[in-house]
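Only the coordinates and a few stated rules stand behind these numbers; no lab work does. These figures come from a predicted structure and were not determined experimentally. We place every Cβ from the backbone using ideal geometry, glycine too, and count neighbours over all the protein chains shown.
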Number of protein chains: 2
Amino acid sequence: MSKQPEGCAPLARDPLSAEQAGELAALFKALADPVRLRLLSLIASQEGGEVCVCHLTDAFELSGPTISHHLKVLREAGLITGERRGTWVYYRVRAEALGRLSAVLLPAEVPA
Amino acid sequence: MSKQPEGCAPLARDPLSAEQAGELAALFKALADPVRLRLLSLIASQEGGEVCVCHLTDAFELSGPTISHHLKVLREAGLITGERRGTWVYYRVRAEALGRLSAVLLPAEVPA
DNA sequence: TGTCAAGATAGATGTATGTCGAAGCAACCG
DNA sequence: CGGTTGCTTCGACATACATCTATCTTGACA
């Protein structure tokens, strides 16, 4: 539930400020775990764009609380959103957030 | 000096294998620190593409060993390369590595 | 209302990591 | 050859983090 960093020019355009670097590092930290990357990928690649948590827990040999913890990290980083519908909770990715990170990593390559 | 992961389709195309996720997580872990992001950005945004370590240590209020440690993490992740010329060591970014990571994060958005 | 199932939270624990000072290497210069 | 400077490696330490079990909350349904 942190504030979303703005568009943010590519790394290679200008040196990052300490503040920008801190915000970006928090996002990359959320991605810096194999389980979380697989969760994100499972959600993102799903037909319809959303996945029930029960399907995610089944896909790993990890305890429910551990999956729940990883989903919370991704959620608080702003990379996914969760919605409860009845008994189940469904997650979907925030494509803008991923796109923003992708843009930050683009090499400079003749800016103008 | 780990082996470079191959092109790797976007996260959103297909669910990542455990192995792919592990390799990617190692790369994102290297980016998951404010100091390393600023170092990378300082190097990448430099006119000429390379920076002397002495310039990098001057840019932070951190000890030399700490900067050296972070450069090593980036180097072993394959994100930068270092070259010694005489007294000084110069670093430059591996644009392909950054570009690959950028591509992985691209949202799917009508693949065909 | 009582019970059951799906998820989330809390607390504990082992491991990983960021930081430092001290020491080691490598290259220049008297 | 000895000294100085730039950078890396080593060892120590405090903090952060992934994982677990146990517990709590929420909703469905009899």
Exercise. To one decimal in nm, how far is A:Ser17 from the same spot in the other copies, if labels go 7 Å from Cα toward Cβ? Please give the shortest first.
Worked result: 4.4
For this session: Find every distance from the label point of A:Thr57 to the corresponding label point in the other copies (7 Å from Cα along Cα→Cβ) and write them in nm, one decimal, shortest first.
Result: 5.2
Problem set entry | Mean ellipticity per residue at 222 nm, deg cm²/dmol - from DSSP H runs of n ≥ 4 across the protein assembly as shown, formula -39500 (n - 2.57) | -15000 deg cm²/dmol
For this session: On a C-alpha basis, how far is the centre of the range A:65-112 from the centre of the range B:52-93 in Å? Whole number, if you could?
Result: 31 Å
Seminar exercise, completed: For A:Val89, inter-copy label-point distances (7 Å, Cα→Cβ), nm, shortest first, read 4.5
Seminar exercise, completed: Whole-percent tail of the Cα-Cα distance distribution for the protein assembly as shown, cut at 21 Å, equals 55 percent
Problem set entry | Residue-wise HN-Hα coupling along the range B:79-92, computed from phi with Karplus coefficients 6.51, -1.76, 1.60 (Hz; x: Gly, Pro) | 8, 9, 10, x, 9, 8, 10, x, 6, 9, 10, 10, 10, 9
For this session: Report, in debye and to the nearest 20, how large the dipole of chain A comes out about its Cα centre when Lys and Arg carry +1 and Asp and Glu carry -1 on their Cβ.
Result: 240 debye
Problem set entry | HN-Hα J in Hz across the range B:58-63 - Karplus 6.51, -1.76, 1.60, θ = phi - 60°, x for Gly and Pro | 5, 7, 10, 9, 10, 5
Exercise. Expressed in nm², what is the orientationally averaged projection area of the convex hull enclosing the Cα positions of chain A?
Worked result: 8.2 nm²
Exercise. When only C-alpha pairs under 8 Å and at least 6 residues apart count, what is the relative contact order of chain B, in percent?
Worked result: 38 percent
Exercise. Using θ = phi - 60° and the Karplus form 6.51 cos²θ - 1.76 cosθ + 1.60, what ³J(HN,Hα) does each residue of the range A:23-38 get, whole Hz, x for Gly and Pro?
Worked result: 5, 5, 4, 4, 5, 5, 5, 5, 8, 8, 8, x, 5, 5, 5, 5
Seminar exercise, completed: Ordered by number, the GluC sites (Glu not before Pro) in the range B:71-112 that occupy a DSSP loop and have at most 14 other Cβ atoms within 10 Å are B:Glu109
For this session: Please identify the longest segment of chain B free of exposed trypsin sites (Lys or Arg not before Pro), where exposed means a DSSP state other than H, G, I, E or B and no more than 16 other Cβ atoms within 10 Å.
Result: B:14-112
